[in-house]
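See below for the structure under consideration.
The values are calculated or read from the model by the stated rules, or taken from the named source; none is laboratory data. None of the values given here were measured: they were computed from a predicted structure. No Cβ is skipped: glycine too gets one built from the backbone with ideal geometry, and neighbour counts run over all protein chains shown.
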């Protein structure tokens with residue numbers, strides 16, 4: 001829509017307030033709320049804010065930044081009706097001179113997409129975020145909302161809240177394709193339409209916002225924490241991905257055993273090459289590496305395959321009459337990742353493989369979890385990082401990530417995450433107390 005059409009739509013929707021939303025370096029939603037009377041001014045010129053107060057953004061002497069709404073993200077927030085309705089925009093961030101703020105995660109994805117477009121490619125993604133719903137409890141924050149398992153019928157409470165979430169998502173122009181109960185008690189997944197990477201990154205951000213807000217309104221806690229409880233299924237965010245040129249899926253080759261083109265295989269090879277370093281962004285928390293362990297269908301080994309769900313990159317099946325559905329599914333990301341940075345690095349690593357004509361190793365269709373050390377060595381199968389510290393060490397050496405993120409954000413991200421690790425390593429956990437307190 002044009003600016004004039006947005007203004008007319010806001011009048012029809014009886015909007016009184018505007019929520020200007022954006023993501024910080026870690027993918028956490030931030031907002032500035034303004035009265036609707038300023039909408040024309042903000043659509044034309046933007047809204048100033050203090051960037052030095054946001055995690056990973058500008059230094060104190062460079063604090064003045066402004067937000068410019070992306071008018072395609074206009075939506076009415078269905079639950080904010082008291083004292084007047086609220087409309088939401090996702091915003092890009094700019095410097096005072098009108099140039100894009102280079103450390104804005106959304107701008108980084110846009111820049112990477114522009115590089116792909118210069119090579120003749122558009123990048124589509126289909127993320128599948130999982131999450132848990134917990135009851136608020138005086139003794140524990142991890143009492144699940146139901147006792148269901150994989151594809152089970154949900155409890156009434158779970159079913160009612162999922163219907164409300166899916167209805168609310170439609171208000172944000174997100175059309176859920178499926179939702180289902182996941183493996184863990186109180187664990188769910190909502191899948192929405194595959195599409196352009198910038199649009200789907202916006203939708204991941206919006207979905208997390210919607211789920212958390214509606215859960216809170218019902219007295220529940222929604223968490224995207226990768227491993228909220230020991231020895232239960234973790235929450236991942238598998239991402240389906242493909243490159244297109246106009247309406248043609250460049251990943252498809254009907255003569256190949258897996259239906260994948262040489263270009264698709266080079267894309268996969270680029271991701272396999274860079275994945276140890278990318279994990280620092282795709283699996284960005286200390287807790288992320290509690291999920292990446294054997295026994296819960298989370299990937300541990302750097303392999304690719306067809307139907308093998310122990311592989312890091314899987315080639316899903318699709319109906320033969322629909323070659324546009326050819327895609328590769330990356331299974332290590334979790335929903336604590338910043339979707340803009342995640343998709344930027346996934347694309348940049350795939351382009352690295354294409355530019356250098358990389359060829360992936362042979363696919364591994366065996367259950368990799370069951371291979372002993374000798375078999376793993378024979379097949380030259382490497383492990384994903386086993387801790388955030390290890391992933392940060394790999395990232396620090398990776399020039400592709402530095403180029404994609406830009407040097408300032410690259411250094412800032414490493415600094416923030418190293419501080420997180422330093423904070424973690426000084427903690428004395430309940431496990432340590434139980435293990436050592438009376439033993440020594």
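Being under 22 Å from the mean Cα position of the chain (by Cα) and over 21 Å from residue 351 (Cα atoms) is the filter here; which residues of segment 104-143 pass it?
Matches in segment 104-143: 104, 128, 129, 130, 131, 132, 133, 134.
Looking at (1) surrounded by 12 or more Cβ atoms within 10 Å (Cβ to Cβ); (2) more than 29 Å from residue 165 (Cβ to Cβ); (3) at pLDDT below 95; (4) over 23 Å from the mean Cα position of the chain (by Cα), which is the one condition that is false for residue 97?
(1)
Just checking, does segment 196-214 include any residue being touching a residue at least 24 places away in the same chain (Cβ under 8 Å), surrounded by fewer than 20 Cβ atoms within 10 Å (Cβ to Cβ) and part of a strand (DSSP E or B)?
Looking for residues that are touching a residue at least 24 places away in the same chain (Cβ under 8 Å), surrounded by fewer than 20 Cβ atoms within 10 Å (Cβ to Cβ) and part of a strand (DSSP E or B), one finds at least one in segment 196-214, hence yes.
Looking at residue 109, is it modelled with pLDDT of 95 or more, on the phi < 0 side of the Ramachandran plot and surrounded by fewer than 13 Cβ atoms within 10 Å (Cβ to Cβ)?
Against the criterion (modelled with pLDDT of 95 or more, on the phi < 0 side of the Ramachandran plot and surrounded by fewer than 13 Cβ atoms within 10 Å (Cβ to Cβ)), residue 109 does not qualify.
Of the residues that sit in segment 36-85 and are closer than 29 Å to residue 166 by Cβ, surrounded by fewer than 13 Cβ atoms within 10 Å (Cβ to Cβ) and touching a strand residue (DSSP E or B) at 6+ places or on another chain (Cβ under 9 Å), which one is modelled with the highest pLDDT?
84
Tally the residues that are touching a helix residue (DSSP H, G or I) at 6+ places or on another chain (Cβ under 8 Å) and either closer than 20 Å to residue 144 by Cα or surrounded by fewer than 22 Cβ atoms within 10 Å (Cβ to Cβ) (or both), restricting the search to segment 155-172.
Pass one, segment 155-172, residues touching a helix residue (DSSP H, G or I) at 6+ places or on another chain (Cβ under 8 Å): 161, 164-165, 168-169, 172.
Now drop any that are not either closer than 20 Å to residue 144 by Cα or surrounded by fewer than 22 Cβ atoms within 10 Å (Cβ to Cβ) (or both), which leaves 161, 164-165, 168, 172.
Counting residues in segment 155-172 that are touching a helix residue (DSSP H, G or I) at 6+ places or on another chain (Cβ under 8 Å) and either closer than 20 Å to residue 144 by Cα or surrounded by fewer than 22 Cβ atoms within 10 Å (Cβ to Cβ) (or both) gives 5.
Considering 416, 359, which residue is modelled with pLDDT of 90 or more, farther than 22 Å from residue 268 by Cα and assigned by TED's automatic domain parsing to the domain that holds residue 313?
Answer to the check: 416.
Take residue 185 and decide whether it is part of a loop (DSSP other than H, G, I, E, B) and either surrounded by 17 or more Cβ atoms within 10 Å (Cβ to Cβ) or out of contact with any strand residue (DSSP E or B) (no Cβ under 7 Å at 6 or more places or on another chain) (or both).
So residue 185 fits the description; yes.
I'd like the full set of residues that are out of contact with any helix residue (DSSP H, G or I) (no Cβ under 7 Å at 6 or more places or on another chain), at pLDDT below 95 and not in a helix (DSSP H, G or I), limited to segment 1-23.
2
Name the single residue, out of those in segment 118-140 being within 26 Å of residue 165 (Cα to Cα) and not in a strand (DSSP E or B), that is modelled with the highest pLDDT.
The qualifying residue modelled with the highest pLDDT is 136.
Which of the residues that make up segment 307-316 are part of a loop (DSSP other than H, G, I, E, B) and either crowded, with 16+ Cβ neighbours inside 10 Å or touching a helix residue (DSSP H, G or I) at 6+ places or on another chain (Cβ under 9 Å) (or both)?
Selection gives 308, 310, 311, 312, 315, 316.
Any idea which of 347, 358 is touching a helix residue (DSSP H, G or I) at 6+ places or on another chain (Cβ under 9 Å) and crowded, with 22+ Cβ neighbours inside 10 Å?
347
Please enumerate the residues belonging to segment 278-297 that are more than 18 Å from residue 109 (Cβ to Cβ) and not in a loop (DSSP other than H, G, I, E, B).
Matches in segment 278-297: 279, 288, 289, 290, 291.
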